[in-house]
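*Asks:* There's a structure below that I have some questions on.
The values are calculated or read from the model by the stated rules, or taken from the named source; none is laboratory data. Note that the coordinates shown come from a computational prediction; the quantities given were computed from them, not determined experimentally. For neighbour counting, all protein chains shown are included, and Cβ atoms are generated from backbone atoms with ideal geometry for every residue, glycine included.
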Amino acid sequence: MGEEFDWVFRQAAVVTAEGVARQDLAVREGRVVAVAATIDGRGRQEVDGQGRYLFPGAIDPHVHFDEPGREEWEGIATGSRALAAGGGTLFFDMPLNSFPPTIDVESLLQKKRAAEAASVTDFALWGGIVPGNEKQREGLAREGAVGFKAFLCPTGTPEFGWVDGRTLREGMRQAADFDLPVAVHAESERIVTELTRRWRAHGDGGWRDYLASRPLAAEVEAAREALDAAGETGCALHLVHVSAPEVVELAQTARAQGVDVTVETCLHYLLFCDEDMRRLGTIAKCAPPLRSRRQSLGLWRALLAGEIDLLASDHSPCPPAAKATTDFFAAWGGISGCQHLLPLLLDRLAAEGDRAFPLAARLCALGSAHRFGIRDKGAIAVGNHADLTLVDLREPEPIAAKSLLYRHRLSPYVGLPNRVFPLLTLVRGEVAFSCLGHPVRARGRFLPGPCGLR
C-alpha cells in the first residue's frame, strides 16, 4: 500500500539552485519528506506535475504593504494574496509607508499582530534606523526584526527620517552587536536635495527633470559611504534596489576587501529603462529612478554572472490619485510588482530553455534565506518547510490589469508578455493560492530574525 502523505507531486520538474530534475515530491505535516524519481504511497492530494515546474516558494525581502495606518494604499491581506499568486511564500515588510513606521517595539508588535491576522504567507519585519531611535533598536532586535533599514536621503514619508553618516555608523555598530544586517537606500542627500531644488525651480516637472534630479552619481556616492561604514563597523550591509552595474562593481570590490555586503536589484531595473518613462508616465516613477538601456543590460549581465545576490520587488503601491499627475516630482515614487517577481524573471530566462531556472531559485529564494538567516526555507530539500509553487509555461500573453490581486490594479508590468503562470502555492503545506480548485487555508506566521530566536 505504501505510505500516506498530505501532498504528492508526480513527475514535476523540480527546480533547485543546483539543477532541474523530473521527480516526485511528497509533503507531510508541512514539510518536504521525500524527493525521488518515484515515490510509493499516495497523497491525500495528488498533483500531476507532468510538463510543469516545481519551485521553492519565492521570498521577497523588500515590500511595503502599508499596514497598519495606510491600508487604503495596499494592506497585508491583498498584498500577501498577490504575492502568493506570483509563487511567493514569504515577505519582509519594510519599516516605512505603514503608520506608525516600525521604529520602536510597539510599532513592530502592532504590525506583527496585523500580519498574523491577515497574511496568507509567512512574513518577517524590518526595523528602522532613524535619528533619535537608538534606544529602541535593541528592543526591535529582541522582538525579532530581521534587520534594520536606513535611508541616506529623504524618504517619501516624513515620519521616517533619513540619516547622516554619523547616525548610520552608530546604527551599524548596534546592528553588528545584534548580528543583524542593515539595508541601505543609497542615494546622496546632498546631491538629490540640491538637484531636486534646481530642477523643480527651472524645469517643467517632466520625466527628464526627475531623472536629472537623481543621477547615478547620487547612488554611487551613497553606496560608497555605506560600504565604507560597513567596513569600519563590521556590520553586514545589504544594498537595496541597486539600479546600475556601476554600484554592483563597487560592492564586488568592497567584498574582495572583506566587507560583508550583498546586492539586491529589482525587476523594474532589468525590464525597463529611462526612455520607458516617456511612455508609461508616473506609474514608472521609483527611486532610484530607471537608468539607461546600457545600464539595464549591464545589470542583466551582472545577474547572469552571479554578481547579484537576490531579487526583490520593492512593491510600493499607492492609491491611483497619487500617480494621477504629469508632475514627476509630485507623484508617488513606487512600483507595484510583487505578483510578478518570479514569473517575469522566469519568463525572461525561459528564452534560453530551463537551464537558467536554477538561477531563479537562487535569486528568488535561496539568496534571501541565506542572507537573512531564515531556517528551513529557500530550497526544496527533505526536512524543509513545504513552501512550494507549481508553475506552467504556456504561449505568452500580455499581463492584464484584471489579473492583479493588489488593492489598486496599477503596475507598469501590465501589458508585458508573460508565459509563466503559477498554478498552486503552498506555505508550509497549506494552500495560499490555487488555480486548481483548492481552497485557500494558509495562515501566515511571523519569522523572527536571528536575534529574536535567542
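*Asks:* Are any of the residues in the range 167-189 farther than 21 Å from T102 by Cα, out of contact with any Cys (no Cβ under 8 Å at 6 or more places or on another chain) and modelled with pLDDT of 95 or more?
*Replies:* Among the residues of the range 167-189, not one is farther than 21 Å from T102 by Cα, out of contact with any Cys (no Cβ under 8 Å at 6 or more places or on another chain) and modelled with pLDDT of 95 or more, which makes the answer no.
*Asks:* If I filter the range 20-49 down to residues being over 20 Å from V431 (Cβ atoms), in a loop (DSSP other than H, G, I, E, B) and in contact with a strand residue (DSSP E or B) (Cβ under 7 Å, 6 or more places away or on another chain), which single residue comes out as modelled with the lowest pLDDT?
*Replies:* Per the stated criteria, the residue is G41.
*Asks:* Taking the range 432-452, which residues are part of a strand (DSSP E or B) and under 21 Å from the mean Cα position of the chain (by Cα)?
*Replies:* Hits for the range 432-452 are A432, F433, F446.
*Asks:* Additional query: Mind checking which residues of the range 112-129 are touching a strand residue (DSSP E or B) at 6+ places or on another chain (Cβ under 9 Å) and farther than 19 Å from V182 by Cβ?
*Replies:* Within the range 112-129, K112, A115, E116, S119, V120, T121, D122, F123 meet the criteria.
*Asks:* Could you tell me which of the residues E134, E170, E159 is touching a Pro at 6+ places or on another chain (Cβ under 7 Å) and surrounded by fewer than 20 Cβ atoms within 10 Å (Cβ to Cβ)?
*Replies:* The unique qualifying residue is E159.
*Asks:* If I filter the range 302-320 for residues that are among the hydroxyl-bearing types (S, T, Y), under 25 Å from R279 (Cβ atoms), modelled with pLDDT of 95 or more and part of a helix (DSSP H, G or I), do I get at least one hit?
*Replies:* no
*Asks:* Determine which single condition A229 fails, assuming it passes every other condition in (1) surrounded by fewer than 24 Cβ atoms within 10 Å (Cβ to Cβ); (2) in contact (Cβ under 8 Å) with a residue 12 or more places away in the chain.
*Replies:* Of the numbered conditions (1) surrounded by fewer than 24 Cβ atoms within 10 Å (Cβ to Cβ); (2) in contact (Cβ under 8 Å) with a residue 12 or more places away in the chain, the odd one out for A229 is (1).
*Asks:* Yes or no: A17 touching a residue at least 60 places away in the same chain (Cβ under 8 Å) and either part of a strand (DSSP E or B) or in the same structural domain as L388 (by TED's automatic domain parsing) (or both)?
*Replies:* yes
*Asks:* Something else now. Within the range 9-23, how many residues are over 19 Å from G353 (Cβ atoms) and either basic (K, R) or surrounded by fewer than 21 Cβ atoms within 10 Å (Cβ to Cβ) (or both)?
*Replies:* Looking only at that region, the number is 1.
*Asks:* OK, next. Which ones in the range 375-410 are part of a loop (DSSP other than H, G, I, E, B) and in contact with a Leu (Cβ under 6 Å, 6 or more places away or on another chain)?
*Replies:* If the condition is that a residue be part of a loop (DSSP other than H, G, I, E, B) and in contact with a Leu (Cβ under 6 Å, 6 or more places away or on another chain), then G378, A379, A386, I399 are the ones that fit.
*Asks:* Please work out if D209 is in a helix (DSSP H, G or I) and touching a residue at least 24 places away in the same chain (Cβ under 8 Å).
*Replies:* yes
*Asks:* Further question on the same structure: Would you confirm whether any residue within the range 405-412 is surrounded by fewer than 23 Cβ atoms within 10 Å (Cβ to Cβ), free of Cβ contacts under 8 Å to residues at least 60 places away in the same chain, of a type in the set (K, R) and more than 28 Å from L239 (Cα to Cα)?
*Replies:* The answer is yes; a qualifying residue exists.
*Asks:* Further question: If the requirement is being within 24 Å of D93 (Cβ to Cβ) and surrounded by fewer than 23 Cβ atoms within 10 Å (Cβ to Cβ), which of these qualifies: A217, A321, A222?
*Replies:* On inspection, the qualifying residue turns out to be A321.
*Asks:* Keeping to the range 173-199, report how many residues are β-branched (V, I, T) and either surrounded by fewer than 18 Cβ atoms within 10 Å (Cβ to Cβ) or more than 18 Å from P289 (Cβ to Cβ) (or both).
*Replies:* Residues in the range 173-199 being β-branched (V, I, T) and either surrounded by fewer than 18 Cβ atoms within 10 Å (Cβ to Cβ) or more than 18 Å from P289 (Cβ to Cβ) (or both): 2 in total.
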